[in-house]
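What follows is a single structure, written as structure tokens, with notes after it.
The values are calculated or read from the model by the stated rules, or taken from the named source; none is laboratory data. Just so it is clear, the model here is predicted, and its values are computed rather than measured. Note that each Cβ is placed from the backbone with ideal geometry, even for glycine, and that neighbours are counted across all protein chains shown. These accessible areas exclude ligands, DNA and RNA; they are computed on the full protein's heavy atoms, side chains included. Shrake-Rupley method; radii C 1.70, N 1.55, O 1.52, S 1.80 Å.
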Amino acid sequence: MGNTTMSLYRNSAWFLKGMTEFTRSAFLSAAKHFVEKDLEVSMAGRVFMITGANSGIGRATAMAIAKRGGTVHMVCRNKDKAEEARADIVKESGNKEIYVHILDLSETRKVWEFAEAFKRKYKALNVLINNAGCIMSERDVNAEGLEKSFASNVMGVYILTRGLIPLLEKSAEPRVITVSSGGMLVQKLRTGNLQTEIGRYDGTMVYAQHKRQQVVMTEQWAKTHSNIHFSVMHPGWVDTPAVANAMPDFHQSMKDSLRTPEQGADTAVWLAISEAAATKPSGSFFQDRRMVSAHLPLAWTHSSQLEQQKFMSVMEDLAKTFQPH
């Protein structure tokens, strides 16, 4: 099969899968099998960090955890929106242990500085939820010369997670959850052209590649840090400001089938707080509280162990160049 035929197959197979599994009605039918008591737990004394916590899935996740008594560190780019979201969460949950940190994950050096400062200031972090993400309509670079969406979706997640691993390892029952996207199912891992300098810049496909890279990072970290439970999840197709802005046509045509932010956040919350989630193998990919394959059938998106390790060492070398001394 030629490349075009294959990518067409991948995209139509993906869309069919999406229509049956990623919509609001798919969530409602999956939810019939959820174990309600999985989420009937107190998180008092446990500390959570959520990136992009001021809107959409991140905010719904923060709210669910706050209502169960968890301490929440909201990492957000926009101070006003973050403070407003924090006030709403405190008011609705009655939980005052909600803290705002202002950080733009696309500012690579600042992510290092933030992780280092957080480790110095706080003595525990039980759960890190990498939720923030961005889709760019055109190619742009940050101060360090990295393509902005790569800086935010991949390098930011890599540095923040890597930087906080020592603190997570010192904390009880640590977990790391990354919010990926079903879009990654149409992408095979790339270890070159990470900055999309070559070829046409298609923001949604670049984003999908980043989401594949997050799956690979999760699988690799699970191998090297066996005392932390790593997972990555697909929220389904969710009605969030980010989706409306980045994919207006998709949003417009699908809006009646899109999930609410709460439905999109459900599996992230389940992975973050339930005992059941911790019994699943670390490094797995989840959708609607179930472990699922990170590849479509026949879709040739598998990459070798060698390619995955190469990707991780490229990330490590690149990350180190921005590390403050």
Candidates F48, F34, F15, filtered to the one that is more than 20 Å from the chain's Cα centre (by Cα) and not in a helix (DSSP H, G or I): F34
task: Name the residue, out of I57, I135, that is within 23 Å of V238 (Cα to Cα), hydrophobic (A, V, I, L, M, F, W, C) and either open to solvent by 40 Å² or more (accessible area, probe 1.4 Å) or not in a helix (DSSP H, G or I) (or both).
output: I135
Matching option when the condition is closer than 23 Å to W300 by Cβ, open to solvent by less than 10 Å² (accessible area, probe 1.4 Å) and in a helix (DSSP H, G or I), among T204, T218: T218
Within segment 60-84, tally of residues that are farther than 22 Å from S106 by Cβ, in contact (Cβ under 8 Å) with a residue 40 or more places away in the chain and open to solvent by 60 Å² or more (accessible area, probe 1.4 Å): 1
field: Filtered residues of segment 278-289 (kept if touching an Asp or Glu at 6+ places or on another chain (Cβ under 8 Å) and either of a type in the set (D, E) or within 11 Å of I177 (Cβ to Cβ) (or both))
entry: D288
- request: Kindly establish whether M233 is of a type outside the set (V, I, T), assigned to a strand (DSSP E or B) and open to solvent by 50 Å² or more (accessible area, probe 1.4 Å).
  value: no
message: Looking at segment 24-34, can you tell me whether even one residue there is open to solvent by 20 Å² or more (accessible area, probe 1.4 Å) and among the hydroxyl-bearing types (S, T, Y)?
response: yes
- prompt: Which of the following residues is under 28 Å from R162 (Cα atoms), out of contact with any Lys or Arg (no Cβ under 7 Å at 6 or more places or on another chain) and of a type outside the set (K, R): L298, L318?
  reply: L318
statement: Expected output for segment 278-300 (first residue over 16 Å from V215 (Cα atoms), partner among the acidic types (D, E), Cβ below 9 Å, 6+ apart or cross-chain) is A278/E173; D288/E21; D288/D266; R289/D38; R289/D266
